[in-house]
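Student: Got a structure here, written out as structure tokens. Questions coming.
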Amino acid sequence: MMTRRLASRWLLLLVGAAAALWYLRDPPWLAEQTTGLRPWQQAADGTRYRWSGRHASFFVTSDAARVVVPIATTFSTPADAPMVVTFSIDDLRGTRVLLTNRSWTPVTLEMPPHGSRRVRRIDVRTSVTREGNHGVMIGDVRVER
């Protein structure tokens with residue numbers, strides 16, 4: 001038979017676990033997190049960019065109406081194949097782009113209506129990688145509200 005003290009401990013544990021899960025569902029620090037992106041670099045012309053691997057993720061605020069992501073990759077050798085870059089927003093496919101040269105390509109993502117979270121996750125996947133597991137260069141992302 002469960003005593004009142006044991007029951008109250010279980011209740012306290014359940015309330016604490018529920019509060020922790022609620023907080024971790026949408027933590028305020030999530031907007032600053034990235035995965036699969038290397039440190040910032042600067043090109044000779046002053047353009048800032050970060051290399052991705054084959055799959056990278058970053059977050060934008062949920063009030064964004066559209067997000068513009070400048071991307072580019074290398075074509076150092078004739079054997080470097082064109083690259084398909086696929087963008088997803090919260091696991092829903094956003095758009096695909098085919099890179100056939102080394103110039104910067106701005107990719108505009110129209111954001112779907114947001115739910116109850118403060119941030120949206122954007123995933124970037126490449127069909128191939130270059131030497132050193134380099135996918136695409138991702139420049140400064142512009143968020144339009």
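Student: Within the set of pairs 6 or more residues apart or between chains, which connect a residue that is under 27 Å from residue 63 (Cβ atoms) and open to solvent by 50 Å² or more (accessible area, probe 1.4 Å) inside region 111-138 to a residue that is assigned to a loop (DSSP other than H, G, I, E, B) and polar (S, T, N, Q) with Cβ atoms less than 7 Å apart?
Tutor: If the second residue must be assigned to a loop (DSSP other than H, G, I, E, B) and polar (S, T, N, Q), the pairs left are 114/62; 117/62; 118/62.
Student: Continuing with this model, one more query. Tally the residues that are in a strand (DSSP E or B) and under 30 Å from residue 26 (Cα atoms), restricting the search to region 98-133. Walk me through it before giving the result.
Tutor: Step one: of region 98-133, the residues in a strand (DSSP E or B) are 98-99, 105-110, 119-126, 130.
If we keep only those that are under 30 Å from residue 26 (Cα atoms) too, we end up with 106-110, 119-126.
So the count comes out to 13.
Student: Please tell me if residue 77 is surrounded by fewer than 17 Cβ atoms within 10 Å (Cβ to Cβ), in the same structural domain as residue 38 (by TED's automatic domain parsing) and modelled with pLDDT under 95. Break it down stepwise before answering.
Tutor: Details: surrounded by fewer than 17 Cβ atoms within 10 Å (Cβ to Cβ): yes; in the same structural domain as residue 38 (by TED's automatic domain parsing): yes; modelled with pLDDT under 95: yes.
When the stated conditions are applied, residue 77 passes them.
Student: Would you please list the contacts, defined by Cβ atoms under 8 Å and residues six or more apart or on different chains, that run from a residue in region 31-51 that is at positive phi to a residue that is of a type in the set (S, T, N, Q)?
Tutor: 36/52; 36/57
Student: Has region 82-104 got at least one residue that is open to solvent by 80 Å² or more (accessible area, probe 1.4 Å) and free of Cβ contacts under 8 Å to residues at least 12 places away in the same chain?
Tutor: Kept after step one, since they are open to solvent by 80 Å² or more (accessible area, probe 1.4 Å), are these residues of region 82-104: 91-93, 96, 98, 100, 102, 104.
This time we only want the ones that are free of Cβ contacts under 8 Å to residues at least 12 places away in the same chain, so: 93.
Yes, region 82-104 has at least one match.
Student: Which of the residues spanning region 34-46 are open to solvent by 40 Å² or more (accessible area, probe 1.4 Å), outside any strand (DSSP E or B) and more than 18 Å from residue 125 (Cβ to Cβ)?
Tutor: Of everything in region 34-46, those that are open to solvent by 40 Å² or more (accessible area, probe 1.4 Å), outside any strand (DSSP E or B) and more than 18 Å from residue 125 (Cβ to Cβ) turn out to be 39, 40, 44, 45.
Student: Now for a different question. Of 79, 64, which residue is on the phi < 0 side of the Ramachandran plot, over 18 Å from the mean Cα position of the chain (by Cα) and part of a loop (DSSP other than H, G, I, E, B)?
Tutor: On the way: 64 fails: over 18 Å from the mean Cα position of the chain (by Cα).
None of the others qualify; the one that does is 79.
Student: Looking at (1) modelled with pLDDT of 90 or more; (2) surrounded by fewer than 10 Cβ atoms within 10 Å (Cβ to Cβ); (3) not aliphatic (A, V, I, L, M), which is the one condition that is false for residue 4?
Tutor: (1)
Student: Restrict the check to region 16-31 and report whether at least one residue is open to solvent by 90 Å² or more (accessible area, probe 1.4 Å) and in contact with a strand residue (DSSP E or B) (Cβ under 9 Å, 6 or more places away or on another chain). Walk me through it before giving the result.
Tutor: As a first pass, look at region 16-31 and keep what is open to solvent by 90 Å² or more (accessible area, probe 1.4 Å): 21-25, 29.
Next, from what is left, pick out any that are in contact with a strand residue (DSSP E or B) (Cβ under 9 Å, 6 or more places away or on another chain): none.
No; the residues of region 16-31 include none that is open to solvent by 90 Å² or more (accessible area, probe 1.4 Å) and in contact with a strand residue (DSSP E or B) (Cβ under 9 Å, 6 or more places away or on another chain).
The values are calculated or read from the model by the stated rules, or taken from the named source; none is laboratory data. Computed from a predicted structure; not experimentally measured. Neighbour counts run over all protein chains shown; Cβ positions are idealised from the backbone, glycine included. Surface accessibility is based on the protein's heavy atoms, side chains included, excluding ligands, DNA and RNA. Shrake-Rupley method; radii C 1.70, N 1.55, O 1.52, S 1.80 Å.
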